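A.B. asks: Below are the structure tokens for one structure; questions will follow.
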Amino acid sequence: MQNQPGVQPDQIDVNDAQALAHWAKKLDTTEEQLRDAVAEVGSKAADVEMHLKGARSTTNSDRVKELGG
């Protein structure tokens, strides 16, 4: 599988709009939440993912489903 241009497999570059959108979708979060997580734990994708999982007990998709969306 090829990586998208500008998207590193294990680093999140919040200054790259394409990379930010890619990781937000992949981690099921908003771009704002992603920026906040990177500011807290750094740009390593695994660290950001663990931070986000710890910050919420459900995913954004779960919340939308609960609201009937």
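A.B. asks: Pairs needed: first member in segment 9-35, over 16 Å from ALA46 (Cα atoms); second member anywhere, aromatic (Phe, Trp, Tyr); C-beta distance under 7 Å; at least 6 residues apart or different chains.
C.D. replies: none
A.B. asks: Still on this structure, please answer the following. Pairs only if they're at least six apart or on different chains, beta carbon under 7 angstrom, first in segment 42-60 and modelled with pLDDT of 90 or more and part of a strand (DSSP E or B), second of a type outside the set (A, V, I, L, M, F, W, C) and surrounded by 13 or more Cβ atoms within 10 Å (Cβ to Cβ); list them, first residue then second.
C.D. replies: LYS44/GLN11
The values are calculated or read from the model by the stated rules, or taken from the named source; none is laboratory data. Keep in mind that this is a model prediction, so the values were computed, not measured. No Cβ is skipped: glycine too gets one built from the backbone with ideal geometry, and neighbour counts run over all protein chains shown.
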